[in-house]
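I have placed the structure first, in the form of C-alpha cells, so that the comments after it can refer back to it.
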Amino acid sequence: MSPRRSPYGWVVEGLLTLATFCSLIVLVAGFLTKVDLWIAVGAVVGVAGLVSGFVALGKELPVPAAVSVGLGILTADVAAVAIMWATT
C-alpha cells in the first residue's frame with residue numbers, strides 16, 4: 001500500500017519531509033564549520049539526503065520502505081551533525 005493511500009500517510013510524508021529538511025540543515029552546517037573535511041561530509045550527506053528524500057516523496061514506495069528511507073536519512077543527518085559538533 002502506498003503511503004498516500006494508507007490511513008497514516010501524512011505521518012510517512014511528514015517523516016520524509018522532516019528528513020529532507022534536516023539534510024538541508026546538514027548541508028548548510030558543513031559549510032558553516034569552515035573546515036574542509038566537514039564541508040565535504042556536509043555536502044555528501046546533505047545532498048544524498050536531499051536526493052533520497054525527494055525521490056522517496058515522488059515515488060509510490062510501500063510504507064515500510066518509505067519509513068526506512070526517512071529514518072535512514074535522519075540517522076545519517078544526526079550522526080553527521082553530532083560528529084561535526086563534537087570535533088569543531
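The values are calculated or read from the model by the stated rules, or taken from the named source; none is laboratory data. Predicted model, so just to flag it, every value in this text is computed and none were measured. Using ideal geometry, Cβ is built from the backbone for each residue, glycine included, and neighbour counts are taken over all protein chains shown. Just the protein is used for accessible areas: all its heavy atoms, side chains included, with ligands, DNA and RNA removed. Shrake-Rupley method; radii C 1.70, N 1.55, O 1.52, S 1.80 Å.
Full extension of the chain between Thr87 and Ala43 yields a length gain of 14.1 nm, computed as 0.36 nm times the residue separation minus the alpha carbon distance.
So what is the relative contact order for the chain, in percent, with contacts set as C-alpha pairs under 8 Å and at least six apart? Answer for the chain is 38 percent.
Put simply, the Cα atoms of the chain extend 44, 19, 15 Å along their principal axes, the longest span coming first.
Just checking the listed ones, Val55, Val12, Val41: in the Gaussian network model of the chain with Cα springs under 10 Å, the one fluctuating most is Val55.
Shown here for the chain: chymotrypsin sites (Phe, Trp or Tyr not before Pro) in loop regions (DSSP other than H, G, I, E, B) with at most 14 other Cβ atoms within 10 Å, namely Tyr8. Element breakdown for the chain at a 1.4 angstrom probe: carbon and sulfur atoms account for 78% of the accessible area. I'd like the accessible area for Leu18, computed on protein heavy atoms only with a 1.4 Å probe and all protein chains in place. Round to 10 Å², please. That residue has around 90 Å² of solvent-accessible surface.
Gain on full extension, evaluated as 0.36 nm per residue between Phe31 and Ala65 minus their Cα-Cα distance, stands at 9.2 nm. Its DSSP H runs of at least 4 residues, each contributing -39,500 (n - 2.57), put the calculated 222 nm mean residue ellipticity of the chain at -29500 deg cm²/dmol, to the nearest 500.
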